[in-house]
Amino acid sequence: MADHFAYPVGLRLSGRRVVVIGGGQVAQRRLPALIAAGADLLLISPSATPSVEAMADAGEVRWEKRRYEDGDLADAWYVLIATADKEANNAASAEAERNRTWCVRSDDAEAATAWTPATGRSEGVTVAVLTGRDPRRSAAVRDAVVEGLRDGTLTAPHHRTRTPGVALVGGGPGDPDLITVRGRRLLAEADVVIADRLGPRDLLDELPPHVEVIDAAKIPYGRYMAQEAINNALIEHAKAGKAVVRLKGGDPFVFGRGMEEAEALAAEGIPCTVVPGISSSISVPGAAGIPVTHRGVAHEFTVVSGHVAPGDDRSLVDWPALAKLRGTLVVLMGVDKIGAIAETLIAHGKSPDTPVALVQEGTTAAQRRVDATLATVAETAKAQDVRPPAVIVIGPVVNVGPGGPAGPGA
């Protein structure tokens with residue numbers, strides 16, 4: 001038998017009896033997939049790992065705390081033998097053979113009647129790889145295929161009709177490697193991409209030639225406000241039957257006006273998928289060596305928009321309350337208002353010596369960090385020509401780290 005290829009097949013185990021003998025590490029790895037397949041699972045083992053025990057406690061597996069006995073495999077469709085007891089393994093394997101039940105053995109693949117492939121999943125696609133006696137190669141091939149499907153480098157066009165709609169994709173802080181795998185896959189499947197200037201621009205060069213890329217900043221506004229024009233473009237292309245990706249920087253719902261777009265699409269009956277992204281409010285400070293929280297230094301962090309200055313009637317931020325907080329304050333879109341912000345915080349009790357870091361173009365090749373204090377940040381930002389996009393971090397966490405502050409102009 002060993003000289004012939006294994007015949008690949010997908011088992012539909014939902015509601016069908018599956019017996020697992022042994023509650024160790026092998027069972028711990030295999031049980032989640034069997035649970036996900038909907039199998040009626042019976043575990044036979046005197047003991048189990050804490051993770052396997054938790055599955056039993058949750059009711060996902062029926063656990064009989066004993067050794068294998070002849071007759072345990074009656075009516076089973078599939079058996080996994082995974083114990084260190086060679087005699088018990090042989091006996092169970094013999095019963096499976098008599099019952100014509102497919103049987104996998106973790107201790108002796110040659111004695112088994114079935115092999116477990118290296119499997120992976122990506123958006124409804126199951127990848128299963130068998131390479132005979134080389135499980136590491138199976139896993140490597142599996143990983144390469146699944147990764148390609150997830151990041152869009154391995155394209156697999158849909159041959160059935162797709163439902164037109166819009167995906168609001170958070171592209172992360174700027175580094176193209178920091179977009180989620182789902183976001184990258186949707187980009188690879190898009191017909192139209194409407195992109196912000198703060199999105200991961202490098203990914204646009206990877207799109208196939210037929211994909212229409214629209215710069216959101218250049219949409220003709222006419223008599224409409226900018227956001228309304230973007231909404232209209234999303235609606236227009238989706239109604240034309242195209243798969244549309246709205247590529248945003250950071251996360252769509254963190255100062256990204258994503259909900260406005262989702263509401264506009266819902267009003268038109270257009271399906272909308274929201275793909276969260278890594279927010280620059282946390283990732284950019286981290287990339288600059290600043291933790292927004294740190295034991296003994298900051299037990300909280302607050303993220304605010306600085307696009308409207310303190311004192312402006314349009315502002316929804318309670319700056320006096322923020323000045324009293326002891327944690328970290330992260331300000332987005334506040335470079336041109338940092339002077340007024342600093343003055344307001346100081347006026348309401350924040351120490352002028354509070355450390356401040358401005359991180360420009362965070363996570364990109366152009367990233368730079370400029371350090372100051374609340375008392376000096378306005379002058380420093382101007383002298384160092386700090387420009388948007390920049391994330392401003394205010395609080396003692398700025399001084400946390402092996403090297404402390406990077407220094408002005410660093």
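Each value in this text was obtained by applying a stated rule to the coordinates, not by laboratory testing. Predicted model only: the values in this text are computed from it and were never measured. Cβ sites come from the backbone with ideal geometry, for glycine too, and all protein chains shown count toward neighbours.
Things worth noting here:
- Net charge of Cβ neighbours under 9 Å - reference residue 176; Lys, Arg +1; Asp, Glu -1: -2
- Think of the range 165-275 as a dipole: +1 on every Lys or Arg Cβ, -1 on every Asp or Glu Cβ, centred on the Cα centre; then among 240, 252, 178, 240 lies furthest on the positive end.
- Length added when fully stretched, residue 379-residue 47, from 0.36 nm per residue minus Cα-Cα: 112.8 nm
- Spin-label model, residue 119/residue 14: points 7 Å from Cα along the beta carbon direction are separated by 1.4 nm.
- Backbone HN-Hα couplings from phi across the range 341-348 [Karplus 6.51/-1.76/1.60, Hz, Gly and Pro as x]: 5, 4, 4, 5, 5, 5, 4, 9
- P(r), alpha carbons of the chain - 10 Å bins starting at zero, rounded %: 4, 17, 19, 17, 18, 14, 7, 3, 0
- Label-to-label distance for residue 99 and residue 273 is 4.0 nm, based on points extended 7 Å past Cα in the beta-carbon direction.
- Additional length obtainable on full extension of the chain from residue 213 to residue 321, 0.36 nm per residue less Cα span: 34.6 nm
- Proximity of backbone amide H atoms, modeled 1.01 Å from N, is registered between residue 256 and no other residue at under 5 Å, excluding neighbours fewer than 5 places apart on the same chain.
- Extension gain, residue 54-residue 205: 0.36 nm per intervening residue step, less the Cα-Cα distance, totals 49.7 nm.
- Between residue 227 and residue 108, the simple label model (points 7 Å from Cα in the Cβ direction) yields a spacing of 6.9 nm.
- Between residue 70 and residue 154, the FRET efficiency estimated from the beta carbon spacing at R0 = 45 angstrom works out to 0.45.
- Basic side chains Lys and Arg get +1 at the Cβ, acidic Asp and Glu get -1 at the Cβ, and with that the dipole of the chain about its Cα centre reaches some 100 debye.
- Positive dipole terminus of the chain, leading residue within 319, 187, 77 (C-beta point charges): 77
- Taking a straight Cα-Cα cut-off under 25 Å and skipping sequence neighbours fewer than 8 places away in the same chain, the lysines within cross-link reach of residue 324 are 337, 350.
- Restricting the chymotrypsin sites (Phe, Trp or Tyr not before Pro) of the range 1-73 to loop positions (DSSP other than H, G, I, E, B) with no more than 15 neighbouring Cβ atoms within 10 Å leaves 5.
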